[in-house]
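Contents: one structure, followed by commentary.
The values are calculated or read from the model by the stated rules, or taken from the named source; none is laboratory data. As the structure is a prediction and not an experimental result, all values here were calculated from the model. Neighbour counts are summed over all protein chains in view; Cβ atoms, including those assigned to glycine, are modelled from backbone coordinates with ideal geometry.
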Amino acid sequence: MNNQLFYGDNLEVLRRHIKDESVDLCYIDPPFNSKRNYNQIYNNIGKEDPAQAQAFIDTWTWDDLANLGLAEIKKNYHGKFSQKTVDLICGLEPVLGKGSLFAYLVNMTLRIVEIHRVLKPTGSFYLHCDPTASHYLKLVLDAIFCSQKGDYINEITWKRSTAKGDEKQGAKHFGRITDIILFYVKDANNYLFNAQYESYTETALKRDYKYVEENTNRIYRLAPVDGPGGAAKGNPYYEFLEVKGYWRFSQEKMQKMYEEGKIVKSKTGKTLSQKMYLDEAKGRQIDNFWHDINKISPTSKERLGYPTQKPEALLERIIKASSNENDVILDAFCGCGTTIAVAQKLNRNWIGIDITYQSISLILKRLEDSFGKGVLENITLNGIPKDMESASALALKKDDRTRKEFEKWAVLTYTNNRATINDKKGADKGIDGIAFFDSGKDKPEKIIIQVKSGKIKSGDIRDLLGTIAINEATLGIFLTLNEPTKDMIKTAKEAGIYQSKFMSNPVDKISIITVKEIIEEQKRLDIRLVLKVLKSAEKQTELNSNQLLIQFNK
């Protein structure tokens, strides 16, 4: 199958595009405003800012979408929700009230129900969160999974930081250095799990592997062979080497192990042990406290600058534990694409969904930098404008979460994902994107990019010229959904041209580019830029880069 990257609301994508029982493993790391005071979140204290509904901002508000979601659950829309799920949400409403926390839980319930639907019977689900809301999320997961043959397997604690407490800054709490990962399966009696191991520490090796076999020089430790729990656990009872008891193994297997020299009798003659050779050991089996994977450091080559980026080692452990090669991995909040990058590295198929075009752009660039252009050959892009109709539809969306997505798409597409988006709250002061190019001077030259989707006039070009002057930029690019007027073109041409020693031909100081040219003519900025939108990820695999084919589906 082609790997799939969806640009859009993951609830809509899950419902419309992901088939029943088609996914082996789903991991999600949904945003939640954990930096706010918990008392504020629980008691709905403080005014919500609707402009912060953007998924990047890491917050939730009670709005029309939350009301619609709550109504769907109460009415059991299309019979999607188990009765326990409906009862839980109805019960939480008077407890939590209609605020951030309840909005978060309603929206997560809608999405987790769809994730449960798309998981194969053998599938697993990992939900990454922090302790701020993990106790409520566990209730939601219990209601969805455990009421339908599934089961809770683990609450994994990830020690993401070794930072000490901030008592000197006035903190009155223990250091908050852990995240929670909730692990559930769709079928309690039939799910895939590959145990994971870590290398023994030097201390553990010296403590446990302290014996050497005389005839082979093999290092080993001694492990018990008695059966804990006795008959209640189904362990057989018999006498072996004059020792009576319940054993882990059948008498036949014990005899075979003894003949192989693997059974050792204690000096007292009262206990038996099994030799466990170091050269056969896989290491220490990973438990549910993950202290050996640190968060990404500021100087790490892996760091992309994405605010909630998780280390690849974390996703590698999860993907290896609950999937095999060629299985399908889903991340419905894929952000900067760590799950996708690791799935690609481990030869898994993958599906990624994100509501911001910035993330889609970053993921494509990350994959290309990590694996070469050839990796894009097997990606089907969905939801990206491929014609004027879909571009106009994106430009005219009224949802706060997507109101700036048209601007981001236009800026990043025209610059081949190399510009930087202006993400400042409030007025953008005429700047939707910034790019830099090398002109041979001491510092890079700046390009100001503006995007317009409504009516345009020659005054817009004069305003862009003013923005260029104020920001000490060299060039300006005006991206427009509508065709420019003759006066606009005239005003832009009057601004003159620019050429540096690195340019084979001069360029207009003000360029007017239409969305139609971007889509139908594949027009792109033909200037070598520096300071790209994301730091290149370390190359992991050299792939054949002479093929490049991305299928654009609406």
For this session: State whether one or more residues within the range 234-254 are exposed (fewer than 11 other Cβ atoms within 10 Å of the Cβ), farther than 30 Å from Glu316 by Cα and either among the polar types (S, T, N, Q) or modelled with pLDDT under 90 (or both).
Result: yes
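Any chance the range 126-133 includes a residue that's of a type outside the set (Ser, Thr, Tyr) and surrounded by fewer than 19 Cβ atoms within 10 Å (Cβ to Cβ)?
Yes, the range 126-133 has at least one match.
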Problem set entry | Residue selected from the range 312-335 under the condition in contact with a helix residue (DSSP H, G or I) (Cβ under 8 Å, 6 or more places away or on another chain) and surrounded by fewer than 23 Cβ atoms within 10 Å (Cβ to Cβ), by the criterion nearest to Ile421 (Cα to Cα) | Phe333
Exercise. Does any residue of the range 76-85 turn out to be in a helix (DSSP H, G or I), of a type in the set (S, T, N, Q) and in the same structural domain as Phe333 (by TED's automatic domain parsing)?
Worked result: yes
For this session: Name the strands (runs of 3 or more DSSP E) wholly inside the range 203-262 in which the number of residues that are in contact with an Asp or Glu (Cβ under 8 Å, 6 or more places away or on another chain) is 3 or more.
Result: 219-224
For this session: Go through Ile461, Ile448, Ile527, Ile456 for me and flag whichever is assigned to a strand (DSSP E or B), modelled with pLDDT of 85 or more, of a type outside the set (Phe, Trp, Tyr) and surrounded by 15 or more Cβ atoms within 10 Å (Cβ to Cβ).
Result: Ile448
Seminar exercise, completed: Ala469 passes all but one of the listed conditions (1) part of a helix (DSSP H, G or I); (2) under 39 Å from the mean Cα position of the chain (by Cα); the exception is number (2)
Seminar exercise, completed: Flagged in the range 6-20 as within 17 Å of Glu405 (Cα to Cα), among the charged types (D, E, K, R) and in a loop (DSSP other than H, G, I, E, B), in numbering order, are Asp9
Exercise. Among the residues of the range 30-41, is any outside any loop (DSSP other than H, G, I, E, B), crowded, with 16+ Cβ neighbours inside 10 Å and at pLDDT below 80?
Worked result: no
Exercise. Assigned to a helix (DSSP H, G or I) and among the aliphatic types (A, V, I, L, M): does that describe Leu330?
Worked result: no
Seminar exercise, completed: Counted residues in the range 144-180 being within 23 Å of the chain's Cα centre (by Cα), among the aliphatic types (A, V, I, L, M) and more than 17 Å from Gln285 (Cβ to Cβ) come to 3
Exercise. When you look at Val328, is it among the hydrophobic types (A, V, I, L, M, F, W, C), farther than 19 Å from Leu11 by Cβ and touching a strand residue (DSSP E or B) at 6+ places or on another chain (Cβ under 7 Å), yes or no?
Worked result: yes
Exercise. So is Phe56 assigned to a helix (DSSP H, G or I), assigned by TED's automatic domain parsing to the domain that holds Leu92 and either closer than 17 Å to Ser359 by Cα or at pLDDT 80 or above (or both) or not?
Worked result: yes
Exercise. Can Lys253 be described as under 25 Å from Val212 (Cα atoms) and in contact (Cβ under 8 Å) with a residue 12 or more places away in the chain?
Worked result: no
For this session: Would you point out which residue out of Ala188, Ala204 is farther than 29 Å from Thr308 by Cβ, in the same structural domain as Ile144 (by TED's automatic domain parsing) and either of a type in the set (Val, Ile, Thr) or out of contact with any Leu (no Cβ under 9 Å at 6 or more places or on another chain) (or both)?
Result: Ala188
